Amino acid sequence: MVNLAIFDYGAGNIFSLKNSLEQAGASVDVITSFDKPNVYSGLLLPGVGNFDPAIKSINENSKTKFHDYVKEDTPVLGICLGMEMFFEKSEEGIEKGFNVIDGEIVVLPSTMKVPHMGWNNLEIKKSGTILEGVDDGSWVYFVHSYRAKPKFDDVITAESDYGVKVPAVVEKNNFFGTQFHPEKSGDVGKIMIQNFLNVCKK
Amino acid sequence: MTLTKRIIPCLDVKNGRVVKGLNFESIKDAGDPVELAAKYSNEGADELVFLDITASNEQRETIKELVRKVASVINIPFTVGGGVKSVDDARNILLNGADKVGINTGAINNPTVITELADLFGRQCVVVAIDAKRNYLTKPGVTLFDEGNGKFWFEVFIFGGKKGTGLDAISWAKKADSLGAGEILLTSIDADGTKNGYDITLTKAVVDSVSIPVIASGGCGESSHMVDIFEKSDVDAALAATIFHYNTHGVNGVKKDLREKFISVRL
């Protein structure tokens with residue numbers, strides 16, 4: 001059985017994510033610090049909360065830095081806010097992100113209703129680990145007010161159209177991010193959760 | 001493509017059972033919340049709303065255990081409301097598997113709680129529920145409407161639609177938006193339970209006044225009512241209970257009807 005950790009910033013529902021991972025066959029621990037040894041095959045940064053409080057919750061409870069914890073080998077799935085933390089900074093706050101993917105997080109255009117909330121289509125740009133077996137045009141559930149603006153487009157494997165092209169799935173090395181919530185995206189979401197588990201098993 | 005319109009079954013829960021009433025009264029039993037939730041999720045519901053309809057009245061907390069059970073059988077977004085007054089109430093609900101918290105009476109009594117919740121959990125977590133009803137006794141400072149029976153305004157009601165607040169629903173929706181609400185769940189007390197269709201006047205007025213998504217609620221008796229509200233207003237989602245509970249239309253059936261009328265839905 002694959003053993004995963006969810007980092008809890010104390011700001012919302014991680015029950016659903018834990019539940020979906022367990023249903024996919026993983027055993028899951030909830031952690032609140034990076035100071036204990038990393039015994040996990042994969043880490044999840046969930047998608048609830050605000051940028052600054054979440055980053056602070058990690059920094060204040062951990063002497064160990066994120067990157068020293070996961071290094072180049074623990075697969076990490078960042079969901080929504082969790083994905084946003086992969087970047088250098090965010091317009092949502094003043095705290096620094098983990099900076100494992102070049103680029104920043106910017107607010108969605110005010111010409112659209114914000115938050116971008118609901119089911120939107122994926123436009124698959126290129127094949128990737130998380131998207132294996134996922135059809136182009138699949139609907140996934142988004143709920144967010146910010147979007148990633150990667151410095152290099154090659155990290156984007158899928159986009160979604162919301163007035164602007166919203167990077168929906170990003171992948172770089174052991175870092176996988178979704179702007180939407182796979183744990184809330186019905187059967188398509190299940191496939192993506194399973195894909196992440198498959199990476200963790202390797 | 002862009003966002004689809006969301007179809008949201010609602011579970012009004014009282015004493016652990018799903019119930020449904022007419023104009024917020026005369027309650028009848030509609031089934032087990034966990035079974036219904038699983039069924040709707042599997043049928044293609046875009047989201048689920050769970051309202052503990054007795055919570056405000058009896059001053060008790062939402063049924064945590066039940067929320068947990070429902071959350072564990074669905075894989076779609078899940079909003080829980082009923083009796084939420086504080087950040088702690090909201091946290092309790094979120095920790096038990098809800099994605100969003102519905103707040104109604106609690107926000108009227110203490111509007112700053114909307115901002116507190118948005119700051120802590122993100123505004124997408126905060127669903128401000130507004131129950132509104134026509135009031136033909138006009139007064140200054142309210143948004144007036146006329147449907148041919150004289151001028152009226154929409155008054156916000158609390159405690160499950162039992163108590164008028166004197167507040168103008170349009171102004172309150174705008175205020176909730178500016179305080180940090182992520183979404184408005186708008187119920188027409190006049191339309192609720194009638195099966196005569198959504199309240200187009202109310203829905204359109206609120207949708208056009210706020211910058212956040214709005215869910216229309218109250219009055220849906222058939223799929224054509226959803227078509228109607230989506231065609232006549234820019235509302236984002238339609239909530240219904242009766243048409244799903246009594247198995248007259250499955251969620252999937254309703255969405256097929258919508259697609260035939262060129263409403264963008266997830267099928």
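Heavy-atom accessible area per residue, the protein assembly as shown, 1.4 Å probe: how many Å²?
Accessible area per residue, the protein assembly as shown: 38 Å².
List the chymotrypsin sites (Phe, Trp or Tyr not before Pro) within region A:107-202 that DSSP assigns to loop and that have no more than 13 neighbouring Cβ atoms inside 10 Å.
A:F152
Considering the Cα trace of chain A, what is its radius of gyration and what is Dmax, both in angstroms?
15.4, 47
For chain A, build the charge dipole from Cβ charges (+1 Lys, Arg; -1 Asp, Glu) around the Cα centre, then report which of A:Y9, A:L108, A:S138 sits farthest towards its positive end.
A:Y9
How large is the Kirkwood hydrodynamic radius of region A:74-139, in angstrom, based on all distinct alpha carbon pairs?
14.0 Å
Distance from a point 7 Å along Cα→Cβ of A:E60 to each backbone N in region A:82-123: keep the residues under 14 Å and list them by number.
A:95
Expressed as a whole number of Å, what is the distance separating the alpha-carbon centroids of region A:66-112 and region B:105-157?
What the calculation gives is 36 Å, centre to centre.
Dipole size in debye (nearest 20) for the protein assembly as shown around its Cα centre, Lys and Arg Cβ +1, Asp and Glu Cβ -1?
Its charge dipole is roughly 380 debye.
Under a plain spin-label model, where a point goes 7 Å from the Cα along Cα-to-Cβ, how far apart in nm are A:D68 and B:N15?
For the pair A:D68/B:N15, the computed spacing is 5.9 nm.
FRET efficiency for A:T32 and B:F159, Cβ-Cβ distance as r, R0 = 51 Å, nearest 0.05?
Details: r = 38 Å, r/R0 = 0.75.
Given R0 = 51 Å and the Cβ-Cβ separation, E is 0.85.
Per-residue HN-Hα couplings for region A:178-188, Karplus 6.51 cos²θ - 1.76 cosθ + 1.60 at θ = phi - 60°, whole Hz, x for Gly and Pro?
Once θ is set to phi - 60°, the couplings for region A:178-188 become 10, 6, 8, 10, x, 6, 10, 9, x, 5, 5 Hz.
Give me the dipole magnitude in Debye, nearest 20, for chain B about the Cα centre, with unit charges on the beta carbon: positive for Lys and Arg, negative for Asp and Glu.
For this selection, approximately 120 debye.
Could you work out how much longer the chain between A:E132 and A:K172 gets when fully extended? Use 0.36 nm per residue separation minus the Cα distance between them, nm to one decimal.
Answer, rounded to one decimal: 12.8 nm.
Just to be sure I understand the model, the point goes 7 Å from the Cα along the line to the Cβ. What's the resulting A:E22 to A:K149 distance in nm?
Label-label distance for A:E22 and A:K149, simple model: 4.1 nm.
Using only helices, what value at 222 nm comes out for chain B when you add -39,500 (n - 2.57) per DSSP H run of length 4 or more and divide by the total residues, to the nearest 500 deg cm²/dmol?
Helices in chain B give a 222 nm mean residue ellipticity of -9500 deg cm²/dmol.
Report the gain in length on full extension from B:S171 to B:N149: 0.36 nm times residue separation, minus Cα-Cα distance, nm rounded to one decimal.
This chain segment gains 5.7 nm when fully extended.
If R₀ is 51 angstrom, what is the calculated FRET efficiency for the pair A:K202 and B:N252, using the beta carbon separation as r and rounding to 0.05?
Efficiency computed from Cβ-Cβ geometry: 0.85.
Normalized C-alpha radius of gyration of chain B, against 2.2 N^0.38 Å?
That works out to 0.93 for chain B.
Using only protein heavy atoms and a 1.4 angstrom probe, determine the accessible area buried between B and A, summed over both sides, in Å² to the nearest 100.
So the buried area, both faces added, is about 2900 Å².
The values are calculated or read from the model by the stated rules, or taken from the named source; none is laboratory data. Predicted model only: the values in this text are computed from it and were never measured. Note: ideal-geometry Cβ built from the backbone for every residue, glycine included; neighbour counts use all protein chains shown. We work out accessible area using only protein heavy atoms, side chains counted, and drop any ligands, DNA or RNA first. Shrake-Rupley method; radii C 1.70, N 1.55, O 1.52, S 1.80 Å.
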